[in-house]
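These notes concern the structure reproduced below.
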Amino acid sequence: MRGPAAEQPDLIVPPVPVRLAAPDPGWAETTDVVVVGSGVAGLTAALHLREAGLHVTVVTKVNIDDGSTRWAQGGIAAVLDPLDTPAAHAADTEAAGVGLCDPAAVRVLVEEGPARIRELIRMGAAFDRHEDGSLMLTREGGHHANRIVHAGGDATGAEVQRALHTAVTRDPWIRLVEHALVLDLLRAADGRVCGITLHVLGEGAEDGVGAIMARAVVLATGGMGQVFASTTNPTVSTGDGVAVALRAGAEVTDIEFVQFHPTSLAIGAGVTAAGAAPAAVVAQQALVSEALRGEGAYLVDGDGKRFMVGQHELAELAPRDVVAKNIHRVLLESGADHVFLDARHLGGEFLHQRFPTIVASCLAAGIDPAVDLIPVTPAAHYASGGVRTDLYGRTSIPGLYACGEVACTGVHGANRLASNSLLEGLVFSRRIAADIARDLPPQAEPAPQATVDEWVVDPAGRAALQRAMTRGAGVLRSAASLTEAAGTLAQVGAVRGVPRPDSWEATNLVTVASVLVSAAYRRQETRGCHWREDFPDAEASWRGHIVEHLDVDGVRRSQWQPWTDTVSTMGSAQ
Ligand SMILES: Cc1cc2nc3c(=O)[nH]c(=O)nc-3n(C[C@H](O)[C@H](O)[C@H](O)COP(=O)(O)OP(=O)(O)OC[C@H]3O[C@@H](n4cnc5c(N)ncnc54)[C@H](O)[C@@H]3O)c2cc1C
């Protein structure tokens, strides 16, 4: 018999091997608000902050368009059809979240969503329309109404990113700093966040480590797919925002809920549970959408046998999680690093016409789906948890906000409903801007920082970490697999040297992976996208949140918070 959730044993993942601190900044500048990240959440926050008359600096790791946003395909969910209602959108969102959504946050999402889409359209985003000019609204898995707006068919994210990019670069009061890795937060003596440290990878006076002082900081750093060896996320998605927030003592929650897409194109560096050695930086893997299975493609193993038949009444069209779990099993049993989709019988002409994007990705990899089997593997796709916020994006640390995939606003619960993530970025970034504009304190002085530790996480351990996470903390988890993953994390070595961006990223990956493994171990049930082989059912006693933070010595602390429908995730924390 299991005891109450709060009393479950914790998995001891040793603290992150080194406590890295950014070197003393060689240069500093000042702005009103720093936004970290330039996807849908960061750029929307920046534009709304400008409407409030504030000076904004957007810092981004590589180029402005390099986050997940531009890769989003299906669309954005919002109630725009007169036959649809916010209550219906909320019900679908909460059904997907399996009892863990925060009803107040969901209400905000569905009620404010339509206005944010209209703003995006006024800004220039061109969504697909019918001949009479009305928006085309489609339906996706889990939605009971037509409420998905899309652009260019399956290129919604690219259009959203383009529109926001254009608007931001048009505003001379938004300073954009590209090729800059944000390292850590600066804190005042009273604990308030008052800026960031960053490593600019460029030429000129600002090269190297610097500081940007600010009266508030917004984390919009996106997801953490790169914690795994196989992911649909771009290479910038290394969970930096979660790690930065943890190092500053902020709370993160629901981090165990990672959505895996069952069929990503298994080419290049990405590997699976059983797979071969990946390159250190995992390549982003193209999605092979379930629509291909919907049109009749089958999943087969290395011997050409259809393995979904008999596993579920819908066979290949079973829910995503079921398909991902079965593929994962085949991989573990066979030692292969991918299974195959057989779409050959659909014919070249049909495939080119119906699935141009998928066919193009395959052809680029030398695979002709009309002639060849398509190698596919499950891949980490979306982080439902993240830095814990209230309804205004406020984290547990004054002056620090979070929005987009890095945040846990409470809207997704144990699993995200399709097309709700771009919407979340639009809705909550605007609320953050409103809150900052309402109450922005003067610039505070940073307190002295910890000295640099000359031991840094060895980036050479990154590939082993990713492989261990996919194998032990991926689609299917158990106490044994998670303990094995924790063992690998404990062995990621430290080397002597000055921290460089690759060691910061490696540190962030270890930090996030450790917290994820611990929470996944602690949650002894299967709920949403968290699948425990040893605890296959959802349990009423586990209806609640695991909230994690690091204490001042870098030691992980974990609290249990039972779910309640009366307050938002954080209530009015600040
Ligand atoms: C293939 C794919 C398809 C998807 N399809 C859909 C869909 O149809 N509908 C939907 O709603 N969602 C979809 N999603 C999810 C959605 O795209 C993301 O959740 C969303 O775009 C996240 O937006 P964001 O602004 O939070 O982060 P991102 O767009 O990922 O941007 C994060 C930004 O932070 C920067 N950054 C990260 N770390 C640092 C650092 N240390 N210093 C400085 N900058 C940093 C990055 O460079 C990037 O600019 C999809 C995701 C993928 C990968």
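Evaluate the following for Gly67: is it crowded, with 23+ Cβ neighbours inside 10 Å, small (Gly, Ala, Ser) and not in a helix (DSSP H, G or I)? Don't jump to the end; show me each part of the working.
Values: crowded, with 23+ Cβ neighbours inside 10 Å: yes; small (Gly, Ala, Ser): yes; not in a helix (DSSP H, G or I): yes.
Taking the combined requirement at face value, the residue satisfies it.
Tell me, please, whether a residue that is at pLDDT 90 or above and surrounded by 21 or more Cβ atoms within 10 Å (Cβ to Cβ) can be found in segment 492-504. Write out each step before concluding.
Restricting attention to segment 492-504, the residues satisfying the condition of being at pLDDT 90 or above are none.
Within segment 492-504, not a single residue is at pLDDT 90 or above and surrounded by 21 or more Cβ atoms within 10 Å (Cβ to Cβ).
Of all residues in segment 115-131, which are surrounded by 20 or more Cβ atoms within 10 Å (Cβ to Cβ) and free of Cβ contacts under 8 Å to residues at least 12 places away in the same chain?
We begin by selecting, within segment 115-131, every residue surrounded by 20 or more Cβ atoms within 10 Å (Cβ to Cβ); these are 116-117, 120, 125, 127.
Selection gives nothing.
Residues being over 13 Å from the mean Cα position of the chain (by Cα) and within 13 Å of the ligand (Cβ to nearest atom): count how many of those fall in segment 221-242.
So in segment 221-242, the residues over 13 Å from the mean Cα position of the chain (by Cα) come out as 229-230.
Filter once more, so that each one left must be within 13 Å of the ligand (Cβ to nearest atom): 230.
Qualifying residue count for the region: 1.
Tell me the residue from Val242, Val258 that is hydrophobic (A, V, I, L, M, F, W, C), closer than 22 Å to Asp65 by Cα, at pLDDT 85 or above and buried (at least 20 other Cβ atoms within 10 Å of the Cβ), please. Spell out how you get there, then give the answer.
Working: Val258 fails: closer than 22 Å to Asp65 by Cα.
Unique residue meeting the criteria: Val242.
What is the number of the single condition among (1) among the aliphatic types (A, V, I, L, M); (2) buried (at least 21 other Cβ atoms within 10 Å of the Cβ); (3) out of contact with any strand residue (DSSP E or B) (no Cβ under 8 Å at 6 or more places or on another chain); (4) not in a loop (DSSP other than H, G, I, E, B) that Val58 does not meet?
Unmet for Val58, out of (1) among the aliphatic types (A, V, I, L, M); (2) buried (at least 21 other Cβ atoms within 10 Å of the Cβ); (3) out of contact with any strand residue (DSSP E or B) (no Cβ under 8 Å at 6 or more places or on another chain); (4) not in a loop (DSSP other than H, G, I, E, B): (3).
State all residues of segment 29-78 that are farther than 23 Å from Ala151 by Cβ and near the ligand (Cβ under 6 Å from one of its atoms); if no residue qualifies, say none.
Val36, Val59, Lys61, Val62
On the given criteria, is Asp84 modelled with pLDDT under 95, buried (at least 17 other Cβ atoms within 10 Å of the Cβ) and charged (D, E, K, R)? Break it down stepwise before answering.
Numbers: modelled with pLDDT under 95: no; buried (at least 17 other Cβ atoms within 10 Å of the Cβ): yes; charged (D, E, K, R): yes.
No: the conditions fail for Asp84.
Looking at segment 156-175, which of its residues are within 11 Å of the ligand (Cβ to nearest atom) and surrounded by 19 or more Cβ atoms within 10 Å (Cβ to Cβ)?
Just the residues of segment 156-175 that are within 11 Å of the ligand (Cβ to nearest atom), to begin with: 156-158, 160-161, 164-165.
Selection gives Thr156, Gly157, Val160, Gln161, Leu164.
Can you name the residue in segment 243-259 that is within 13 Å of the ligand (Cβ to nearest atom) and assigned to a strand (DSSP E or B) and, of all such residues, is farthest from Thr395 (Cα to Cα)?
By that ranking, first place goes to Gln259.
Which one is modelled with the lowest pLDDT among residues in segment 261-297 that are farther than 16 Å from Ala324 by Cβ and not in a loop (DSSP other than H, G, I, E, B)?
Ala291
The values are calculated or read from the model by the stated rules, or taken from the named source; none is laboratory data. Computed from a prediction, not measured in an experiment: that's the story for all the values here. With ideal geometry, Cβ positions are generated from the backbone for all residues, glycine too; neighbour counts draw on all protein chains shown.
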